[in-house]
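Report on one structure; see the data block that follows.
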Amino acid sequence: MAGKLEIQWSPISNKFITWGSEICLYEVQPARETSAHVFSISNTHCAQLLATNTNHRYMRSVDIYPKSENDLLLAIGLTNGRVALSTFGPSEYDTRGFPGKELVPKHPRQCNAVLFNRNDSYLIATGLDKFRSDSSVLIWDISKFSNSDSNNSGRLAVNTMAPAVELVKPVAEFGMSELANSLAWFHGSSRLLACGMNLKNIKIYDMRDPNKMINSTVTKAVYGISINYHEDRHLASFFDNMIYLWDLRNFEKPIQTLPHAKPLVKIEWCPTRSSVLASLQKDSSVINLYDIQHTVVGNEEVEPTVMERVVVPGSPHNITSFSWHSNDENRLLTIAVSGTIKDYIVFDRSTVNWTPTSCIVWSKGRKTLRYINDDFLNDVSTRMKEGARTRYGLQEDFYKNAKLVNNNEILSNVWNWLHLSAKLVDDGVIRGTSCRHPGVISIISKMDLNTTKSETVTLSWAELGNPSCQGCAKYYRHEERDKILHLCSWPLDRDLPSLTKFLEQLEKEGAYTRAAAIAVFNLAVQLAIDLLSKAPDTADFGSSLNVVAMALAGFSDDATSVWKQFCSNSKNKLTDPYLKAMFAFLTAENYNYDSVLTESGVAVDDRVAFACMFLSDGKLLEYLKWLSEKLCDEGNLDGLLLTGNTSDGLKLLQKYLDSTGDIQSTALIALRGFHADLGTQVVKDWIENYKYLLDTWKMFYERADFDIMLAQFKPNEKPPRQVYISCSFCGKSISAYMAALNRGRGQFQRMAGTANKLSSCPNCRKPLPRCSICLMHMGTTTTGEMDGSKSVSFDNWFTWCQSCRHGGHSGHMTQWFKEHQECPVTGCSCRCFAINAIASKT
Amino acid sequence: MFEAQEINVEHKDLIHDVAYDFYGHRMATCSSDHYVKVWDQTSDGKWSLTYSWKAHSGSVWKVTWAHPEFGQVLATCSFDRTAAVWEEIVGETPGPGERGTRHWVRRTNLVDSRTSVTDVKFGPKTQGLQLATCSAEGIIRIYEAPDVMNLSQWTLQHEVQCKLPCSCLSWNPSLSKLHPQMLAVGSDDPNPASGGKVFIYEYSENSRRWTKLETISSITDPVHDLSFAPNLGRSFHILAVATKDVRIINLTPEEDDQSGVTKLDVQTISQFDDHNSLVWRVCWNITGTILASSGDDGCVRLFKMTYIDSWKPVGVLKGDGSPALSDVQRSSTATGSGSQTSTPSQTTARYIKLGSITQPRDVPWH
């Protein structure tokens, strides 16, 4: 018996029973620290053994009184065919005399099934083995039973061993000389019972008419009859390794069979799902779920479709039984051979969606949706929305946009570059370019190497204030190189005042190492030492910067000097890219500065400026091209400094967009910096996409601002007219005529004078439609509000309903719809305004 | 922490789909209970039920909104073999100045399919009012309303045979004129031997036909959902596929001027089996930079693009209502007798097969 463990949820929602050789009652509690009395049944719950009932042996079937509220009343079917009523200790049923009573058939034989009726809960059905001409399905009514008991006032009212005592008779009997394999009460009708009989029939009986069955079918599948909780028509039963699904309206043959690999042990419909059937196979650690969909098309019922799903409740041994929770959605208890109990909730398929307003929403079962804002993901969409709100990119001055990008160094660099390059071009520092934002490469490419070679400046380190040096520092100068230094905001030709100013700025920003490195690159080692020693201890680098200053003070370019050897060895241990670059520069051999130029932690403009100072003409272009290609590949917008607003720059922007999804900056930079390319399809697509995004966010004002800015750069392209007026008689366009009329008058006249004077079709001279309120022809000004001023207010504009095509002066229309719902035209019941209200909802 | 809000939608059966309108202020839900419900967001951010109706005589699989320039229009598809187009209209009003009661009417019922219609989606608005459906019998149908003012007239423009039962479809949402119309269709055919389960179709303006551009042969497991990311001007398209895991696939159109036929470079960029079980749905955020997926583990998982072609998991939202965490969390509560604390995915349901079909007319449903 021990191997055959059964489990069942009780009607009390946090209690369940298990039974094998004894019946145990457990209570489910939220999981807490392990104590001796509880054991875990899931991640969130544990169970505590409350009571055991060992009064009965040889149990075949157990059911619980479905209206149990505080205590459980059990009906236990025994091998001798009796049904014992029992409880766990003293209970509310004691006064009614239920516990200890037995329901006894006339002839003892094995009891196969015991089942309380869920609706009429005093009815118990028992299914028994065959015995000669005795009935095998007995229905008892325990309410009568308790009455007879109170009359006799004895405890043991029924006992076949004491024939003197009056027996309680079953209220109904079916299945004469038959064998009952399994039973199921119908859920909708409390008097109907389905029985699997004789290993060859399923029969439906009605208690009100015990003599004849109301429906039956011939099948071997007589085991585990289960009726869908939501649809009494649908039955399931099994035999061996096959589940049969039945529809009572067509009971002759099953509507579906579901084959299994192994013999079945138990099937049960899910009480909380209308179409889910669970099944358990022998020697298996999984539960199979079947979702069975029925549908009706027209009058014809389509064959059901079945989806199988396998649930692994996670018990290490084979499951012997399971039970659905009657109220909690999809909650399942399983018990394994070893006695391991698992409380498992089958997750429903949940759908998920993402709103344009940045909420993630997902469904949970059939009742609820959950949603959460995606702010916590810190996505580019959140940043773009914030940017659009602050009119990022629409500020007239480029550098103001740089301030609007929060902590995004790359983007603020781009805007600062746009600002600086435009300023340099406007100031005439950079000349000879057609565009406002030339790239470094295009400037360098203009360097005519044959006519004007770069001038080499050689300075001895010793003269520069480094007494322990013998060698010289060498750098290049050229007109075009100077322009690049301007673009990188570096000082020209080591101009001390501008250098100090630049370094002070960096110092203010706390970029001590960068300042020091730039000082060193401008050959002002002493300045760098000062800078580093001035750095406060509280900075991230702390005291180490002072140490660096000390190291720097010992600068010597003698290849054999201890200083140089030491620095070459230990510079790789530095983490700060600028310090690394600084020492790499000072310890470089033969003016080979590769390790400075490839130090990716150094800002691109610093590297470019450095290259401009220290690379020879041939190498410079090579390096810049290499760098530009690399940055383009990475989609690093710093590369714009190199490419400028060329087609390479566009490719770089595309790459940036591909890698970040930041359509906002892409569209805005293209709009502001790439005027020449505004006509290309790629840029048009970017702009279109950004506008689409703003539309989705309902940021119509921001979008209008964007359109206005766009129009500034495309003075020849007016936004296309979206409304056309044509005469309803001759069909010729009136707007075309008006446009021709306007052409000579300047664009601001368009809305004014002429429109008002035109009240008939210029082609056929038929009058234009009338305002449905004042009955004046279109084009006539409203007279009421005329106060002599030439203002053509919105009130005079003509408007009409897109649905019924009736309309009039907008002033009149607004007035009308303040008081009415329907169209002002007699006989037209169009709800023009309300239609509009749908669209403009929220 | 991040607390998930809850909407009580009270469907009587499983919710299959949630759809938002263009602005995200209206919501439609559909369920196995045959009903569709429309919700509006009030000014304080709460969702209120506007209308609820029995839309079909079978499970309603999908619901989708048309672009608002066509009015307030929904399309649904169902197990009852039909797809339907619905429009919201204004009824009698109590008095002037008040907004009338609104209700939804069926404008058309598309009955061409002989099996369950598994997905329905409106095409990009630049192409007018187009509707694509796919069905379990393996046919993709493209309908068009020639007159956008008359939603009761739809003509079946194209019927594309897909050979395998279709479970889901997605339009490429690209706004660019450079990109021809493109559709991705997924199949939930359980047999791996029938080959790739994701098909890419493209409309050729020259031949005026939809032609199959690509079969993604690396995916042979049943596909339950797929979704194109908003293109946003990218040079490639991103397709997310829900199958036994989450896949992210880049489709890069390659320049090929001679033939006039687009060539696609298909690359599976990422593959996440974080759900450790079947994946049901995938969806993108508005920029196509984060992907959300739901799976049998009852969790919603989020994947974010960290750099070009590089994606990583960034969060898990648990379906059972516990607060969402941005890191994969382990349950810290259950410490039963010797039983190991397990991640949710370990104790979860696994779909081993879909649709145990004995009769040829049966269709698996996803």
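The values are calculated or read from the model by the stated rules, or taken from the named source; none is laboratory data. Computed from a prediction, not measured in an experiment: that's the story for all the values here. For neighbour counting, all protein chains shown are included, and Cβ atoms are generated from backbone atoms with ideal geometry for every residue, glycine included. Protein only, heavy atoms only, side chains kept; ligands, DNA and RNA dropped before computing areas. Shrake-Rupley method; radii C 1.70, N 1.55, O 1.52, S 1.80 Å.
Numerical summary
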quantity	calculated
Condition check for B:LYS37: touching a residue at least 12 places away in the same chain (Cβ under 8 Å), among the charged types (D, E, K, R) and more than 10 Å from chain A (Cβ to nearest Cβ)	yes
Only one of A:ALA75, A:ALA51, A:ALA47 that is within 14 Å of chain B (Cβ to nearest Cβ), on the phi < 0 side of the Ramachandran plot and in a strand (DSSP E or B)	A:ALA47
Residue that is least open to solvent (accessible area, probe 1.4 Å) [pool: residues in the stretch A:90-135 that are of a type in the set (Val, Ile, Thr) and outside any strand (DSSP E or B)]	A:VAL104
Some residue of the stretch B:102-112 being within 18 Å of B:GLU205 (Cβ to Cβ), more than 14 Å from every other protein chain (Cβ to nearest Cβ) and not hydroxyl-bearing (Ser, Thr, Tyr)	no
Elements of type helices (runs of 4 or more DSSP H) contained in the stretch A:619-712, each with 2 or more residues being within 10 Å of chain B (Cβ to nearest Cβ) and open to solvent by 30 Å² or more (accessible area, probe 1.4 Å)	A:647-660, A:681-696
Residue in the stretch A:445-465 that is open to solvent by 40 Å² or more (accessible area, probe 1.4 Å) and part of a helix (DSSP H, G or I) present	yes
Identity of the residue in the stretch A:797-842, modelled with pLDDT under 75, of a type in the set (Gly, Ala, Ser) and farther than 16 Å from B:MET149 by Cβ, that ends up surrounded by the fewest Cβ atoms within 10 Å (Cβ to Cβ)	A:SER840
Residues located in the stretch B:134-149, provided they are touching a strand residue (DSSP E or B) at 6+ places or on another chain (Cβ under 9 Å), under 28 Å from A:SER803 (Cβ atoms) and open to solvent by 10 Å² or more (accessible area, probe 1.4 Å)	B:GLU144, B:PRO146
Output for the stretch B:14-34, where each listed residue is open to solvent by less than 20 Å² (accessible area, probe 1.4 Å), in contact with an Asp or Glu (Cβ under 9 Å, 6 or more places away or on another chain) and either facing chain A (nearest Cβ under 7 Å) or part of a strand (DSSP E or B) (or both)	B:LEU14, B:ILE15, B:ARG26, B:MET27, B:ALA28, B:THR29, B:CYS30, B:SER31
Among (1) under 15 Å from A:VAL520 (Cα atoms); (2) open to solvent by 50 Å² or more (accessible area, probe 1.4 Å); (3) without any contact (Cβ under 8 Å) to a residue 60 or more places away in the chain, the one test that A:VAL548 misses	(2)
Criterion (more than 9 Å from chain A (Cβ to nearest Cβ) and open to solvent by 30 Å² or more (accessible area, probe 1.4 Å)) met by exactly one of B:SER52, B:SER43	B:SER52
Among the candidates A:SER237, A:SER279, A:SER284, residue that is more than 14 Å from chain B (Cβ to nearest Cβ) and among the hydroxyl-bearing types (Ser, Thr, Tyr)	A:SER237
Of the criteria (1) in contact with a Lys or Arg (Cβ under 6 Å, 6 or more places away or on another chain); (2) at pLDDT 85 or above; (3) within 7 Å of chain B (Cβ to nearest Cβ), which one A:LEU289 fails	(3)
A:ASP247, sole failed condition from (1) of a type outside the set (A, V, I, L, M, F, W, C); (2) in contact with a strand residue (DSSP E or B) (Cβ under 7 Å, 6 or more places away or on another chain); (3) more than 27 Å from B:ALA136 (Cα to Cα)	(3)
Matching residues in the stretch A:395-407 - criterion: being part of a loop (DSSP other than H, G, I, E, B) and either modelled with pLDDT of 85 or more or basic (Lys, Arg) (or both)	A:GLN395, A:GLU396, A:ASP397
Any hit, the stretch B:313-327, residues being more than 7 Å from every other protein chain (Cβ to nearest Cβ), modelled with pLDDT of 85 or more, open to solvent by 20 Å² or more (accessible area, probe 1.4 Å) and out of contact with any Pro (no Cβ under 9 Å at 6 or more places or on another chain)	yes
The stretch B:1-13: number of residues that are surrounded by 23 or more Cβ atoms within 10 Å (Cβ to Cβ) and more than 8 Å from chain A (Cβ to nearest Cβ)	0
Residues satisfying the stated conditions in the stretch A:366-382, i.e. out of contact with any Cys (no Cβ under 9 Å at 6 or more places or on another chain) and more than 7 Å from chain B (Cβ to nearest Cβ)	A:ASP375, A:ASN378, A:THR382
Conditions (1) within 52 Å of the chain's Cα centre (by Cα); (2) over 30 Å from A:LEU586 (Cβ atoms); number of the one not met by A:THR452	(1)
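Here is a yes/no grid of residues against (1) surrounded by fewer than 15 Cβ atoms within 10 Å (Cβ to Cβ); (2) at pLDDT 95 or above; (3) part of a strand (DSSP E or B):
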position: B:SER170; (1), (2), (3): no, yes, yes
position: B:PRO173; (1), (2), (3): no, no, no
position: B:SER176; (1), (2), (3): no, no, no
position: B:PRO180; (1), (2), (3): no, no, no
position: B:ASP189; (1), (2), (3): no, no, no
position: B:ALA193; (1), (2), (3): yes, no, no
position: B:GLY196; (1), (2), (3): no, no, no
position: B:ASN206; (1), (2), (3): yes, no, no
position: B:TRP210; (1), (2), (3): no, no, yes
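Here is a yes/no grid of residues against (1) of a type in the set (S, T, N, Q); (2) open to solvent by less than 10 Å² (accessible area, probe 1.4 Å); (3) in contact with a strand residue (DSSP E or B) (Cβ under 6 Å, 6 or more places away or on another chain):
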{"position": "A:ARG32", "(1), (2), (3)": "no, no, no"}
{"position": "A:HIS37", "(1), (2), (3)": "no, no, yes"}
{"position": "A:ASN43", "(1), (2), (3)": "yes, no, no"}
{"position": "A:LEU49", "(1), (2), (3)": "no, no, yes"}
{"position": "A:ARG60", "(1), (2), (3)": "no, no, yes"}
{"position": "A:PRO66", "(1), (2), (3)": "no, no, yes"}
{"position": "A:GLU69", "(1), (2), (3)": "no, no, no"}
